[in-house]
Amino acid sequence: MSHGAADRRPATHLLVDYLSLLYRAFYSMPESVPLHGVHGFLSMLARLVTDRRPTHLAVAVDEDWRPAFRVAAIPSYKTHRVAEDGEEDPVLAQEAVGREVLAAAGVAVAGAPAYEAEDVIATLAARAQGRVEIVSGDRDLFALVRDPDVRVLYPVKGVRTLVEVDEAEIARRYGIPGRAYLDYAILRGDPSDGLPGVPGIGEKTAARLIAQYGSLAGVLAATELPAAVARRLASAGDYLAAAVRVVPPVADAPVGDVDTRIAAAPGHPRRLARLAAEHRLEGPVARLQEALAAAAAAA
């Protein structure tokens, strides 16, 4: 792909949350399919590239899915996901192979030591020039939505059906300002991430408060809150102070230079062929190569 060709078409950056889609693929594909999680993920990625026609692509990985700085501030952070008795996550057993295949195919795989994929995505989105589409089933990334440039594509059924989450969709779903999802989530809490929220303030109350005062800072500064709500907020002061510091995706994580331009051909064709044959991934690898080549030609 020439730089001149890229300049003629507005840039669209497709940022993919690797583990989010890998888990979905692992639990939706038949186990009889060899390396079924990676097989399904590669097929999903090929479909995304074909349907979304990005000029740039990066797959964001978790170098640390439970970063120390978040656990230090909120000890319950993702505690329930810690495997017991040395039990291994079967999805993670396939994760490394998928990374190898992506790298050999010439797909940018981006991570940052001691940070999560959401931080990598936030950092790449902040760097991007042009439209950004984030593919993830993790609602935390709704915090990054900014009209008209950044939206989340939320998978409903594989990646054939995606909900395009922009500020209007956030307002429709939650009844809050489109850029206030993070404040709402901190106030409400998120059991899936081990975030306790403010005891006694559920989804409806959190949404009502954020809608009325515009932001968490606005809620905390309000002087005319009902006495019960004020007491609950005061009792959760330590949690709220920690959450606003460490829950937001980090937009300046130490992600190295990443060339996200889509390449017309694999970076390491022999290695890619070997990996495809070794893991019986010839079909999805071929589909991904075809999709990448078409996207590069159209850029």
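Of the residues that sit in region 136-173 and are β-branched (Val, Ile, Thr) and free of Cβ contacts under 8 Å to residues at least 24 places away in the same chain, which one is nearest to VAL250 (Cα to Cα)?
Checked region 136-173; the qualifying residue nearest to VAL250 (Cα to Cα) is VAL152.
Is it true that some residue in region 267-278 is out of contact with any Gly (no Cβ under 9 Å at 6 or more places or on another chain), within 17 Å of HIS39 (Cβ to Cβ), at pLDDT 95 or above and charged (D, E, K, R)?
yes
So, in region 1-33, exactly how many residues are at pLDDT 85 or above, assigned to a helix (DSSP H, G or I) and farther than 17 Å from VAL107 by Cβ?
Of the residues in region 1-33, 5 are at pLDDT 85 or above, assigned to a helix (DSSP H, G or I) and farther than 17 Å from VAL107 by Cβ.
Within region 236-299, considering only helices (runs of 4 or more DSSP H) that don't extend past its boundaries, which have at least 3 residues that are farther than 27 Å from LEU216 by Cβ?
269-278, 282-298
May I ask you to list pairs of residues, at least six apart or on different chains, whose Cβ atoms are under 6 Å apart, with the first in region 174-186 being in a loop (DSSP other than H, G, I, E, B) and the second being of a type in the set (Val, Ile, Thr)?
Pairs that qualify, where the first residue is in a loop (DSSP other than H, G, I, E, B) and the partner is of a type in the set (Val, Ile, Thr), are ILE176/ILE210; GLY178/ILE170; ALA180/ILE210.
Just to check your reading of the model, which residue among LEU187, LEU195, LEU182 is touching a helix residue (DSSP H, G or I) at 6+ places or on another chain (Cβ under 9 Å) and more than 22 Å from ASP17 (Cβ to Cβ)?
LEU187
Could you list, in sequence order, the residues of region 208-224 that are part of a loop (DSSP other than H, G, I, E, B) and either in contact with a Phe, Trp or Tyr (Cβ under 6 Å, 6 or more places away or on another chain) or free of Cβ contacts under 8 Å to residues at least 12 places away in the same chain (or both)?
Residues satisfying the conditions are ALA222, THR223, GLU224.
Can you find even one residue in region 215-222 that is on the phi > 0 side of the Ramachandran plot, exposed (fewer than 14 other Cβ atoms within 10 Å of the Cβ) and more than 23 Å from the chain's Cα centre (by Cα)?
No.
Tally time: how many residues in region 53-74 are surrounded by fewer than 23 Cβ atoms within 10 Å (Cβ to Cβ) and not in a loop (DSSP other than H, G, I, E, B)?
5
The values are calculated or read from the model by the stated rules, or taken from the named source; none is laboratory data. Remember, predicted model here, so these are calculated numbers, not experimental data. A quick note on method: Cβ atoms are made from the backbone with ideal geometry, for glycine too, and the neighbour counts reach across all protein chains shown.
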